[in-house]
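See below for the structure under consideration.
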């Protein structure tokens with residue numbers, strides 16, 4: 001693939017066809033990797049078309065003409081370019097003259113920011129981001145408006161996946177972590193030491209969703225091969241292989257009774273499964289596009305789902321009917337959650353915002369803004385007073401994990417993950433720990449300070 005002013009140049013894939021035709025020349029492992037990396041032509045055509053449309057929409061939002069000589073470089077330059085005094089002041093929500101006065105009084109900042117006081121002087125954006133926590137302290141900016149970024153507890157990355165890690169989750173007791181990757185495996189980890197405990201092999205393509213049963217004895221996984229699999233974690237044995245979806249599995253949830261599960265799929269439906277017999281009880285249909293996320297309500301009789309159609313829907317699992325819809329998101333919804341009491345629903349996605357609704361009335365309570373990339377994970381803390389969110393991160397921006405106050409709608413704190421390109425985020429049940437999956441094939445657990 002090559003960069004192009006109109007998106008990606010569509011080139012015919014010859015690798016998958018070559019492996020299929022000359023199967024004896026490749027090992028099973030190599031063939032599986034190729035099938036994961038090189039999808040079927042019809043799917044690839046769809047991905048190219050969707051990618052180009054998103055690319056053009058993104059360019060339009062930045063004000064960059066699609067027919068510019070090199071629009072990607074233009075956008076990157078706009079972000080990475082040098083900053084003058086007025087730009088720095090604007091990012092701190094201060095008038096330029098007030099910022100100048102405060103800076104003159106803060107001698108400790110002069111080494112890094114002094115060039116801004118010279119006519120035509122500039123600083124690098126990276127220097128501004130590195131100095132931001134100190135600026136907030138020195139300028140006494142209110143924590144609610146600009147929460148200080150808290151550094152995570154130092155812990156070595158978990159290593160073992162042979163491809164990018166695509167999904168992660170915590171066990172209920174926070175002691176173990178499950179991850180799934182493009183290497184077609186599910187891996188079980190000790191959450192404290194990072195020691196690999198078991199590798200579960202069976203999926204024929206990349207694993208996009210993982211979940212524990214509440215007792216932590218079994219795991220669920222789903223992925224690009226359109227199957228949902230149940231595993232015994234003590235032995236590593238596959239217990240069930242559930243088939244019924246016609247496209248990839250994007251998210252999973254297990255009920256509190258450990259006997260039922262939900263699967264979200266790109267085929268536009270949610271599957272409601274009996275895990276004892278491996279039977280599909282209901283197929284929840286209504287989303288006009290890929291379903292990306294799903295969660296049980298605490299009563300086990302209702303569920304919430306989010307999709308690429310920008311909708312968040314509430315379902316009656318006994319009838320399979322949609323009974324409520326939560327309005328607000330402007331783009332694809334990527335994550336959903338229900339509070340422990342069942343009175344609140346939260347969702348986030350590609351419009352970089354987190355939404356909070358009253359679960360009974362559907363009324364929008366808050367639209368939390370602050371993330372500068374897609375919100376990919378959300379969880380309520382048990383007391384229902386705060387909600388935590390995690391965003392993807394493709395540049396060294398501060399605070400991909402944020403904690404929000406439910407009552408006031410204000411941002412309470414941020415947790416940084418420096419020099420990490422984040423693909424996926426998951427939170428522990430109490431919202432006090434997070435684990436991020438990065439594009440360097442590792443997992444990084446983080447403590448979220450109280």
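Every read-out reported here was derived from the displayed coordinates using simple, explicitly stated rules and does not represent laboratory data. Since the structure is predicted, the reported quantities are computational estimates derived from the model, not experimental observations. Note that each Cβ is placed from the backbone with ideal geometry, even for glycine, and that neighbours are counted across all protein chains shown.
Per residue, how much space in cubic angstrom lies within the convex hull of the C-alpha atoms of the stretch 295-450?
105 Å³
For the stretch 195-286, what does the alpha-carbon gyration tensor say about shape, rounded, prolate or oblate, given a ≥ b ≥ c as the root eigenvalues, a/c under 1.5 as rounded, and a/b over b/c as prolate?
Oblate shape, in that a/c is at least 1.5 and b/c is the bigger or equal ratio.
Can you give me the relative contact order of the stretch 82-141 as a percent, contacts being Cα pairs under 8 Å and 6 or more apart?
39 percent
Once a ≥ b ≥ c are taken as the square roots of the eigenvalues of the Cα gyration tensor of the stretch 82-141, is the result rounded (a/c under 1.5), prolate (a/b larger than b/c) or oblate (a/b not larger than b/c)?
rounded
Of 201, 403, 312, how do they rank once you tally other Cβ atoms within 10 Å and put the fewest first?
Final ranking by Cβ density, sparse to dense: 201, 403, 312.
If you average the sequence gap of Cα pairs under 8 Å that are 6 or more apart and divide by the length of the stretch 156-252, what percent do you get for the contact order?
The value is 21 percent.
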